[in-house]
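First the structure, in the form of C-alpha cells, and then the observations on it.
Derivation of every value follows stated rules applied to the coordinates shown; laboratory data play no part. None of these values were measured; they are calculated from a predicted model. Because the Cβ atoms are built from the backbone with ideal geometry, glycine has one as well, and the counts that use them run over all protein chains shown.
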Amino acid sequence: MSERRPYLAANWKMQKTVEETEDFLDRFLGEIGELAHADIVICPPFTALAAAVERCRRSPVRVAAQNMHEASSGAYTGEISAPMLTSIGVEAVILGHSERRSLFAETDEALARKLVTAFEAGLQPILCVGESESEREDGVTEDVLRRQLEADFESVSAKDLPEMVIAYEPVWAIGTGKTASPEQAEGAISFIRSVVAERDSRAAAQVRILYGGSVKPGNAEELLGREGIDGALVGGASVEPADFLAICEAA
Ligand code: PEP
C-alpha cells in the first residue's frame, strides 16, 4: 500500500464570487471533520483567494491559485506573481492546465520557468499534463506526456520533485463527461511515474500523481482505488460542497 497521502484539489476555474466562495467553505468545512487522511486544496479565482485563505485559516484545507506569472514583478499587465500569492497565504498553484495551454497559449518553456519560480517562492506546483483526443487515437499519449514532462522539468531539481504534485488530465476528459477508464488513468499515471523515476527514483516513489477529467462522486471510488492514483483534480464536480466532499471521502 502506498504511503503517499491522498491529494484532492478543487479547480473552480472562472466560477464563484467572494460571497459564493465563503458560502461554499462554510458548508464544506462544516462537514469535513473526519477527513484528516487527505490533503484537500481549494483553487478559487484570484479575486476570492484572500477570502478563501481567511475562511480556511483554522481548518486542514489549503488554498491554491489557478495560475501565476513566472516573474516576481514587472510590466505584465493583468498578471499575478508568486510573491503576491504567498503574501496572502496561498500555498500552491496549478500550472499548465490544458485550458491555459490551449486558450492562452501557455508553452512548456514558460511552464519550466514557472515551476522554478513557484519552488523559489515556496508554492507547491500542481503541474497538469495530458494528451488530446486525437493524440490518444494516434497512439502517441506516452510521447506527449514525456515531451511535456521533460520540457516542464528542465530546471526542476531532484530535491524539489517530490514536493510537487502532477495531475494527469487527458484533454478529452476535461469538462466533457468522458472519464478515462480506470485502466487508462492507471496506465498513464504509471508511465508518468516512470518518467519521474528516470530523473530520480526516490522522487518517483514520493511524488503524488492525480487523475483529472470528469471525476464525479459516482466514479471517484473506482478511479481513486487504482494503484498509483494518489488523488484527483476536480473541476465541475468541485463547485458543490456535497459532491466534492463525496469525492474526498472516496479517496
Ligand atoms: C479540470 O478542470 O481540471 C477538470 C478536471 O475539470 P472536470 O472535472 O470538470 O473535467
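Assorted remarks:
- With Rh defined as the Kirkwood radius, the inverse of the mean 1/r over Cα pairs, the Rg/Rh of segment 109-244 is 0.96.
- Nearby lysines by direct alpha-carbon distance to Lys159 (threshold 25 angstrom, same-chain neighbours under 8 apart not counted): Lys114
- Cβ charges +1 (Lys, Arg) and -1 (Asp, Glu), total dipole of the chain, debye: 500 debye
- R0 of 45 Å, Cβ-Cβ distance Ala151-His37: FRET efficiency to nearest 0.05: 0.85
- Computed E for Lys216/Ser134 - FRET, C-beta separation, R0 25 angstrom, nearest 0.05: 0.50
- Under 13 Å from Lys16, Cα to Cα: aspartates and glutamates that are on another chain or at least 8 residues apart: Glu240
- Our Cα-only numbers for the chain put the radius of gyration and Dmax at 16.8, 49 Å.
- In plain terms, the chain is cut at each of the chymotrypsin sites (Phe, Trp or Tyr not before Pro) found in a DSSP loop with at most 11 other Cβ atoms within 10 Å, and the longest leftover piece is 105-251.
- Using the Cβ-Cβ distance between Thr107 and Ala242 with R0 set to 45 Å, the FRET efficiency from 1/(1 + (r/R0)^6) comes to roughly 0.75.
- GluC sites (Glu not before Pro) restricted to segment 1-109 and DSSP loop, no more than 15 other C-beta within 10 Å: Glu3, Glu31, Glu34, Glu79
- Set of lysines with alpha-carbon distance to Lys178 below 23 Å, sequence-local pairs under 8 removed: Lys13, Lys216
- The chain - mean residue ellipticity at 222 nm from DSSP helices (-39,500 (n - 2.57) per run, n ≥ 4, rounded to 500): -12000 deg cm²/dmol
- Sorted by Cβ neighbour density within 10 Å, fewest at the top, the residues Lys178, Lys16: Lys178, Lys16
- Global size of segment 17-85 as Cα Rg and Dmax, reported in angstrom: 13.8, 45
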